[in-house]
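Novice: Structure incoming, see below.
The values are calculated or read from the model by the stated rules, or taken from the named source; none is laboratory data. None of these values were measured; they are calculated from a predicted model. Here the Cβ positions follow ideal geometry from the backbone for every residue, glycine too, while neighbour counts run over all protein chains shown. Protein only, heavy atoms only, side chains kept; ligands, DNA and RNA dropped before computing areas. Shrake-Rupley method; radii C 1.70, N 1.55, O 1.52, S 1.80 Å.
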Amino acid sequence: MSVTRRELITGAAAGATGLVVGGVLGKTLGGDDGGGGGGDSGLSGQAEAVAKARDLNSENVTRAVKTFVPPGAKPGDKNADEFFLFSSGGHSGQILVIGVPSMRLLKVIGVFAPEPWQGHGYGADSSDSVIKAGTDSKNKPSSAARGPLTWGDTHHPALSETKGEYDGRFVYINDRANGRIAMVDLRDFKTKQILDVPNLDSSHGGVFCTPNTEYVHISTMSPTLVDPSKAEKALETFKDSFRGYSTFLKVDQKTGKMDLAQSFQVELPPYTQDLADSGKLSSEGWVFINSYNSEMASGGNLTGGKPIEVGASANDFDYMHIINWKKAETVVGSKSKVMNGMRVIPLETAVAEGILYLAPEPKSPHGVDVHPGGNYISVGGKLDPHVTIYGFDKIKAAIDGKQFEKNDPFGVPILKLDAVRAGSVEVGLGPLHTQYDDKGYGYISLFLDSAVAKFSVGEPYFKGADAFKLVDKLPVHYNIGHLVAMEGDTVKPAGKYLVALNKWSIDRFPVVGTLKPQNFQLVDLTGEKMEILTDMPIGIGEPHYVQGIRADRIKAWEVYPVGTNPLTMEKDPNAIADKGEKIQRTGSTVEIWSTVRRSQFKPDNISVKQGDKVIIHLTNIETTPDATHGFSIPRYNVNVSLDPGEAATVEFTADAKGAFAFYCTEFCSALHLEMQGWLLVS
Ligand code: CUK
Ligand code: CUA
């Protein structure tokens, strides 16, 4: 159908050239009968004039029509956004929520970094305690060096899954800089937990949920120095001093929170473990992590040593780590040691129990992505123009038949590449990450080529000579890192759209200074050839990975039941109803219970003595969607957002004398400016 429309639009079918905007809109607006196809109806005539005046050709108009969401479109309407992207916000430490196909930014979720509008980290107990708990130095070997962290480099979001499909409950995201992971509840799109993961000083792409969100996984990137007192000679004794960790964080199904007591790690050799993905269906119970720097290079370029990048690229092969987590689960109770509050299965035990295997991966591997059917695992090698596809059936057979090439220096068996490789496709330069559609195709980002390559991925869709073949290639702008197909990490990808996450955007957008935006490009997958529909500049940090979920899977709340504490998602014990307002002094502590509504705080006068501890419990007693108020106290760095129904507590020492006019920061009503009060500190 889209081909027909495309032919009609471009005039290819009729052999016509030039602008046939009227035809496009006539067809689109006129319904199946194609009424108004001549472009002479009032509407299309007007549109044609606008298109001409704005110098838009028929292709531009088609793109606009494919992505336009009319004002007031309702969720679920055919012309509304069909998918949401959950995008890492990179250095901003946040998550971006974007509609597809409109590519409109719908929300920025404060995660690792304070976010003033949401009051995330500016005085409200709920968010401040999340951020504070997120720097838990006792979990780290190198504890002394740590202070409170107020930023994060968000990288890889992982949506929760049920039976391998997204279920719209939670999203997890890691902090590349500090080896931490956060959980956002998709009922209110707020961060509920930041976990400073034991034994992880860093993390990168090893984040995903297992098919029923039993666990969320995170692994080390740069290996961890196990005993920080040995730092001085650490690099000379790298092989013995450092270790990697594959971490399985147990998820509480009700709250989505990660429970350290039931979590465990599998100790790994000190290679640089990088991207990772969960097995599914036929490979469920296993996970796959690739690595680079199996050379264990550690640099020294100023003192005659090999630069890290040279040392780390010396070998022809690095290793995919193949981990049997179902097996690990049965062993952890009896055969683990506790390190910094985490149960760890030692490397020797992992080998002895058949929990860990390695498979060779060509030339600086990057992405590792499991096919929706579970059998194929696609690996891109940054310095190899091929994508290598492993077969899980072959991996299983090789393990059972002990087809090992040798053991690595830590005794981990390395499977024979020929025994586990199902195929390979020459796709182009710098292949990184693969995503899948609903028709059996894989899409891989080509960093050096600045392109997306589409290739067939074996059975059940493609057999024999067609099994692994390059079928299309699309230039993107420019330097693509990740890419995301809708629900492309699940057992049932939705196809339809892909978004290319481009790192460079030279010449695509107006010059806005020396730091240029990133460029998300929406790609139409419905036709024979991939086609770019639109560019979306991202001016908030460098997004890394993104997942795309069907919009109708998200069942977000519009208002809280009155008195809800977002941290617990339950009624706050200090929430009050109308007329429950009071001020109470106990010694040098003044506690205030305040209602918040259009257009007043009650009480609006608060009098305390210098040095008093002040605790203000605020309840927004509104039940109207969007009736949000803010609560800010000048000079005290307090700024809380009180969404409808929300209860929050603010606590501080009144150390500065004076009269402080607190006010509502959200333009809530005609008397919004009057929604203020006085804090008197005498
Ligand atoms: S990694 Cu592969 S391009 Cu940080 Cu997910 Cu960026
Ligand atoms: Cu409440 Cu402005």
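Novice: Do the conditions hold for Phe660, that is, is it modelled with pLDDT of 95 or more, within 12 Å of ligand 2 (Cβ to nearest atom) and in a strand (DSSP E or B)?
Specialist: no
Novice: Only one of (1) open to solvent by 10 Å² or more (accessible area, probe 1.4 Å); (2) closer than 22 Å to Val226 by Cα fails for Ile323. Which number is that?
Specialist: (1)
Novice: May I ask you to list the residues in the stretch 192-210 that are under 17 Å from the mean Cα position of the chain (by Cα), part of a loop (DSSP other than H, G, I, E, B) and of a type outside the set (Gly, Ala, Ser)?
Specialist: The answer is His204, Val207, Thr210.
Novice: Just for the stretch 395-423: of the residues that are assigned to a loop (DSSP other than H, G, I, E, B) and farther than 23 Å from Pro270 by Cβ, which one is least open to solvent (accessible area, probe 1.4 Å)? So that I can check it myself, show each step before the final result.
Specialist: We begin by selecting, within the stretch 395-423, every residue assigned to a loop (DSSP other than H, G, I, E, B); these are 401-403, 408-412, 416.
This time we only want the ones that are farther than 23 Å from Pro270 by Cβ, so: 401-403, 416.
Numbers: Gly401: 51, Lys402: 146, Gln403: 78, Lys416: 95 Å².
Taking the candidates together, the pick is Gly401.
Novice: Where the second residue is open to solvent by 60 Å² or more (accessible area, probe 1.4 Å) and charged (D, E, K, R) and the first is in contact (Cβ under 8 Å) with a residue 40 or more places away in the chain and lies in the stretch 327-348, which pairs have Cβ atoms under 6 Å and are six or more apart or on separate chains?
Specialist: Sorted first by the residue in the stretch 327-348, then by its partner, the pairs are Val332/Arg343; Ser336/Arg343; Val344/Lys337.
Novice: Let me ask something else about it. Scan the stretch 246-296 for residues that are over 15 Å from His156 (Cβ atoms) and aromatic (Phe, Trp, Tyr) and jot them down.
Specialist: Phe248, Phe264, Tyr271, Trp286, Tyr292
Novice: Here is a follow-up. Would you mind finding the one in Val499, Val523, Val491 that is more than 16 Å from ligand 1 (Cβ to nearest atom), in the same structural domain as Leu281 (by TED's automatic domain parsing) and within 21 Å of Leu448 (Cα to Cα)?
Specialist: Only one candidate qualifies: Val523.
Novice: I need the full set of residues from the stretch 424-442 which are under 22 Å from the mean Cα position of the chain (by Cα), in a loop (DSSP other than H, G, I, E, B) and of a type in the set (A, V, I, L, M, F, W, C), in order please.
Specialist: Within the stretch 424-442, no residue meets the criteria.
Novice: Sticking with this one: Going through Gly123, Gly134, Gly119 one at a time, which residue ends up being open to solvent by less than 40 Å² (accessible area, probe 1.4 Å), within 16 Å of ligand 2 (Cβ to nearest atom) and not assigned by TED's automatic domain parsing to the domain that holds Ile532?
Specialist: It is Gly119.
Novice: On the given criteria, is Val97 touching a residue at least 24 places away in the same chain (Cβ under 8 Å) and assigned to a helix (DSSP H, G or I)?
Specialist: On the way: touching a residue at least 24 places away in the same chain (Cβ under 8 Å): yes; assigned to a helix (DSSP H, G or I): no.
No.
Novice: List pairs: first residue in the stretch 52-70 and buried (at least 18 other Cβ atoms within 10 Å of the Cβ), second residue part of a loop (DSSP other than H, G, I, E, B) and modelled with pLDDT of 95 or more anywhere in the structure, Cβ distance under 7 angstrom, at least six positions apart or on different chains.
Specialist: Lys66/Pro101; Thr67/Pro101; Thr67/Ser102; Thr67/Met103
Novice: Let me ask you something else. Quick check on the stretch 174-190: of everything there that is in a strand (DSSP E or B) and touching a Phe, Trp or Tyr at 6+ places or on another chain (Cβ under 8 Å), which residue is farthest from ligand 1 (Cβ to nearest atom)?
Specialist: Taking the candidates together, the pick is Asp185.
Novice: Within the set of pairs 6+ apart or on separate chains, which have a first residue in the stretch 666-681 that is not assigned by TED's automatic domain parsing to the domain that holds Pro603, a second that is within 16 Å of ligand 1 (Cβ to nearest atom) and at pLDDT 95 or above, and C-beta atoms under 6 Å apart?
Specialist: none
Novice: Another question, if that's okay. Is it true that Lys254 is free of Cβ contacts under 8 Å to residues at least 60 places away in the same chain and either more than 18 Å from Ser203 (Cβ to Cβ) or open to solvent by 40 Å² or more (accessible area, probe 1.4 Å) (or both)?
Specialist: When the stated conditions are applied, Lys254 passes them.
Novice: Further question: I'd like to know if the stretch 122-136 contains one or more residues that are at positive phi and in contact with a strand residue (DSSP E or B) (Cβ under 7 Å, 6 or more places away or on another chain). Break it down stepwise before answering.
Specialist: Start the filter on the stretch 122-136 by keeping residues that are at positive phi, which leaves 123.
If we keep only those that are in contact with a strand residue (DSSP E or B) (Cβ under 7 Å, 6 or more places away or on another chain) too, we end up with 123.
Checked against the condition, which is being at positive phi and in contact with a strand residue (DSSP E or B) (Cβ under 7 Å, 6 or more places away or on another chain), the stretch 122-136 yields at least one hit.
Novice: Restricting to the stretch 161-189, and then to whatever is buried (at least 23 other Cβ atoms within 10 Å of the Cβ) and small (Gly, Ala, Ser), can you tell me which residue is farthest from Ser92 (Cα to Cα)?
Specialist: Gly179
Novice: Which of (1) touching a residue at least 60 places away in the same chain (Cβ under 8 Å); (2) assigned to a loop (DSSP other than H, G, I, E, B); (3) within 22 Å of Arg421 (Cβ to Cβ) is the odd one out, the single condition Ser298 does not satisfy?
Specialist: Failed condition: (3).
Novice: Collect the residues in the stretch 534-548 that are polar (S, T, N, Q) and open to solvent by less than 20 Å² (accessible area, probe 1.4 Å), keeping them in residue-number order.
Specialist: Gln547, the sole residue that qualifies.
Novice: Right, next: Does Ile377 satisfy being assigned to a helix (DSSP H, G or I) and open to solvent by less than 60 Å² (accessible area, probe 1.4 Å)?
Specialist: Criteria not met by Ile377.
Novice: For Asp259, which of the numbered conditions (1) of a type in the set (Asp, Glu); (2) surrounded by fewer than 23 Cβ atoms within 10 Å (Cβ to Cβ); (3) in contact with a Phe, Trp or Tyr (Cβ under 9 Å, 6 or more places away or on another chain) fails to hold?
Specialist: Unmet condition: (3).
Novice: So, in the stretch 443-499, of the ones that are of a type in the set (Phe, Trp, Tyr) and assigned to a loop (DSSP other than H, G, I, E, B), which residue ends up farthest from the chain's Cα centre (by Cα)?
Specialist: Phe462
Novice: Turning to a different aspect of this structure: Looking only at the stretch 456-477, decide whether some residue is touching a His at 6+ places or on another chain (Cβ under 6 Å) and either among the acidic types (Asp, Glu) or open to solvent by less than 40 Å² (accessible area, probe 1.4 Å) (or both).
Specialist: Applying the first criterion (touching a His at 6+ places or on another chain (Cβ under 6 Å)) to the stretch 456-477 yields 457.
Still in the list and also either among the acidic types (Asp, Glu) or open to solvent by less than 40 Å² (accessible area, probe 1.4 Å) (or both): 457.
Scanning the stretch 456-477 turns up at least one residue that is touching a His at 6+ places or on another chain (Cβ under 6 Å) and either among the acidic types (Asp, Glu) or open to solvent by less than 40 Å² (accessible area, probe 1.4 Å) (or both).
Novice: Let me ask you something else. Pick out the one residue from Gly205, Gly164, Gly152, Gly168 that is at pLDDT 90 or above and closer than 20 Å to Gly244 by Cβ. Working first, answer last.
Specialist: Values: Gly164 fails: closer than 20 Å to Gly244 by Cβ; Gly152 fails: closer than 20 Å to Gly244 by Cβ; Gly168 fails: closer than 20 Å to Gly244 by Cβ.
Exactly one residue qualifies, and that residue is Gly205.
Matching residues to (1) modelled with pLDDT of 95 or more; (2) crowded, with 19+ Cβ neighbours inside 10 Å; (3) more than 32 Å from the chain's Cα centre (by Cα):
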| position | (1), (2), (3) |
| --- | --- |
| Trp557 | yes, no, no |
| Met569 | yes, no, no |
| Asp572 | yes, yes, no |
| Gly580 | yes, no, yes |
| Arg585 | yes, no, yes |
| Ser588 | yes, no, yes |
| Ser599 | yes, no, yes |
| Asp604 | yes, no, yes |
| Ile615 | yes, no, yes |
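Novice: Within the stretch 448-455, is there a residue that is under 16 Å from Phe520 (Cα atoms), open to solvent by 10 Å² or more (accessible area, probe 1.4 Å) and more than 16 Å from ligand 2 (Cβ to nearest atom)?
Specialist: Within the stretch 448-455, one or more residues are under 16 Å from Phe520 (Cα atoms), open to solvent by 10 Å² or more (accessible area, probe 1.4 Å) and more than 16 Å from ligand 2 (Cβ to nearest atom).
Novice: Going by the structure shown, is Lys337 surrounded by fewer than 24 Cβ atoms within 10 Å (Cβ to Cβ) and at pLDDT below 95?
Specialist: Answer is no for this residue.
Novice: Which members of the stretch 591-633 meet the condition of being in a strand (DSSP E or B), of a type in the set (Val, Ile, Thr) and either touching a residue at least 40 places away in the same chain (Cβ under 8 Å) or under 27 Å from Ala670 (Cβ atoms) (or both)?
Specialist: Ile592, Thr595, Val596, Ile606, Val608, Val614, Ile616, Thr619, Ile633
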